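Chemist: Dropping the structure in here first, questions after.
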Amino acid sequence: MGTTITIGILVAMAVACAVVALFAPTRRITDMPISVRTGWIITSAAFALIGGLMLTISSATTVAANKVGVVTDFGRYVNTIPPGLHWVAPWADIEEFGTRVQPLVMDVDIRFDGNSGGTANQVVEWRLDALGSNGEVRKDRIRELWQTYRTFEAIENRVVRTTALTSLNVQLAEYTPSEGVSGRNLPAITVAVQDKLREVLADTGVVISRVTITGINPDSQSQDRINRQVQAQADLERTATTKEIAAQEAEIASIRERTQTPQSLQYECLRIASDWNQAAQGPLPPTFNCAFGAPSAAPPLIIGR
């Protein structure tokens with residue numbers, strides 16, 4: 001706007017000088033080879049030339065790659081232009097809208113089932129539905145977006161960010177804190193949030209490419225409850241394991257008691273005596289007795305002599 005005012009002033013001065021030149025005398029200026037009229041004509045031409053140069057320069061605008069430009073004239077939509085160099089009215093404004101995928105990194109407050117709190121780290125990759133199948137600019141779509149939101153930042157904040165926050169909280173409201181932070185539930189939560197975003201934004205001109213949830217963290221109170229639950233579960237598992245081991249040991253003892261008859265013990269004793277290596281181990285003890293379960297009147301079976 002400042003440039004436009006400057007150009008207007010220069011043009012006005014050029015016109016004024018031209019008018020003065022019409023009525024200026026034709027006599028020469030003292031010690032100058034030109035007349036007064038010619039001097040005013042030259043001054044008017046100089047102002048006009050400077051104004052023309054400024055008009056040319058201020059009319060040139062460049063739209064960056066992977067963006068489109070919305071041309072407005074005093075707040076009124078004029079046109080949508082593709083990337084590259086363009087010539088527009090010097091008083092026109094250009095608002096650029098990105099067309100490539102934009103990553104929106106969010107650290108948001110969340111609520112679980114039971115109204116427990118926490119935070120989540122979420123990345124929403126999105127873009128505007130601004131290009132057709134052949135890469136041409138969809139001017140009607142861009143015009144609708146500009147008329148509704150005016151700026152690209154407003155679309156990101158009022159549409160994408162707000163909807164992503166709502167969708168995440170809607171999904172996490174179905175999970176307790178311990179379920180929400182569980183790694184096995186994170187893929188399902190991510191897919192649900194992504195599908196909900198695509199559904200809600202289907203007709204807004206915003207396309208959701210992908211949603212990534214990198215972490216869900218309960219607040220300190222919720223984390224304390226999770227820790228107590230984990231400890232209680234570990235205590236129950238430890239108790240169950242202890243009971244199982246005791247039952248197994250009792251079963252082993254019962255089997256051993258049933259299988260260790262006098263005959264089996266005597267057989268094992270005789271096998272040991274048969275395999276005894278006197279050269280390496282020395283003679284068997286003198287009282288080595290294999291008469292297990294024999295009647296008290298029977299002589300002991302001592303083989304260590």
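The values are calculated or read from the model by the stated rules, or taken from the named source; none is laboratory data. Values in this document were obtained by computation on a predicted structure and should not be read as measured data. Reconstructed Cβ throughout: ideal geometry from the backbone, glycine too, with neighbour counts over all protein chains shown.
Chemist: Which one of Gln194, Gln233, Gln221 is at pLDDT below 80, among the polar types (S, T, N, Q) and within 30 Å of Thr162 (Cα to Cα)?
Modeler: Gln221
Chemist: In this structure, is Ile189 in the same structural domain as Leu168 (by TED's automatic domain parsing), farther than 30 Å from Phe97 by Cβ and in contact with a strand residue (DSSP E or B) (Cβ under 9 Å, 6 or more places away or on another chain)?
Modeler: It is true that Ile189 is in the same structural domain as Leu168 (by TED's automatic domain parsing), farther than 30 Å from Phe97 by Cβ and in contact with a strand residue (DSSP E or B) (Cβ under 9 Å, 6 or more places away or on another chain).
Chemist: Now for a separate question. Please tell me if Glu179 is within 18 Å of the chain's Cα centre (by Cα), part of a helix (DSSP H, G or I), among the acidic types (Asp, Glu) and surrounded by 14 or more Cβ atoms within 10 Å (Cβ to Cβ).
Modeler: no
Chemist: May I pose another question? Those residues that are exposed (fewer than 14 other Cβ atoms within 10 Å of the Cβ), more than 27 Å from Thr151 (Cα to Cα) and in contact with an Asp or Glu (Cβ under 8 Å, 6 or more places away or on another chain), I need them from the range 96-118; list them, please.
Modeler: Within the range 96-118, Asp113 is the sole residue that qualifies.
Chemist: State the number of residues belonging to the range 137-147 that are assigned to a loop (DSSP other than H, G, I, E, B) and in contact (Cβ under 8 Å) with a residue 40 or more places away in the chain. Steps first, answer last, please.
Modeler: As a first pass, look at the range 137-147 and keep what is assigned to a loop (DSSP other than H, G, I, E, B): 138.
From the residues that got through so far, the ones that are in contact (Cβ under 8 Å) with a residue 40 or more places away in the chain too are none.
The qualifying residues number 0.
Chemist: A further question follows. Restricting to the range 85-103, give me the number of residues that are touching a strand residue (DSSP E or B) at 6+ places or on another chain (Cβ under 9 Å) and touching a residue at least 40 places away in the same chain (Cβ under 8 Å). Give the steps one after another, and end with the answer.
Modeler: Here is the first cut: in the range 85-103, the ones touching a strand residue (DSSP E or B) at 6+ places or on another chain (Cβ under 9 Å) are 85-89, 91-103.
With touching a residue at least 40 places away in the same chain (Cβ under 8 Å) added as a condition, the list becomes 91, 95-98, 101-102.
Looking only at that region, the number is 7.
Here is a yes/no grid of residues against (1) over 17 Å from Asp219 (Cα atoms); (2) touching a Pro at 6+ places or on another chain (Cβ under 7 Å); (3) modelled with pLDDT of 90 or more; (4) assigned by TED's automatic domain parsing to the domain that holds Thr163:
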residue	(1), (2), (3), (4)
Glu96	yes, no, yes, no
Asp109	no, no, yes, yes
Asp113	no, no, no, yes
Thr119	no, no, yes, yes
Val124	yes, no, yes, yes
Asn134	yes, no, no, yes
Asp140	yes, no, yes, yes
Arg143	yes, no, yes, yes
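Chemist: All but one of (1) modelled with pLDDT under 90; (2) touching a strand residue (DSSP E or B) at 6+ places or on another chain (Cβ under 6 Å) hold for Pro82; state the number of the condition that does not hold.
Modeler: (1)
Chemist: Something else now. Among (1) assigned to a helix (DSSP H, G or I); (2) of a type in the set (A, V, I, L, M, F, W, C); (3) in contact (Cβ under 8 Å) with a residue 40 or more places away in the chain, which single condition is Val211 missing?
Modeler: (1)
Chemist: Same structure again: I'd like to check which strands (runs of 3 or more DSSP E) are fully inside the range 70-133 and have at least 1 residues that are over 20 Å from Ala154 (Cβ atoms), out of contact with any Gly (no Cβ under 7 Å at 6 or more places or on another chain) and of a type in the set (Ser, Thr, Tyr).
Modeler: 117-128
Chemist: While we're on this one: Restricting the range 56-79 to residues that are surrounded by fewer than 17 Cβ atoms within 10 Å (Cβ to Cβ) and farther than 30 Å from Gly132 by Cα, which is modelled with the lowest pLDDT?
Modeler: Thr56
Residue-by-condition table, conditions (1) charged (D, E, K, R); (2) loosely packed, with under 12 Cβ neighbours inside 10 Å; (3) in contact with a helix residue (DSSP H, G or I) (Cβ under 8 Å, 6 or more places away or on another chain); (4) without any contact (Cβ under 8 Å) to a residue 60 or more places away in the chain:
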{"residue": "Arg158", "(1), (2), (3), (4)": "yes, no, yes, yes"}
{"residue": "Gly183", "(1), (2), (3), (4)": "no, yes, no, yes"}
{"residue": "Val200", "(1), (2), (3), (4)": "no, no, yes, yes"}
{"residue": "Val206", "(1), (2), (3), (4)": "no, no, yes, no"}
{"residue": "Gln229", "(1), (2), (3), (4)": "no, no, yes, yes"}
{"residue": "Ala250", "(1), (2), (3), (4)": "no, yes, no, yes"}
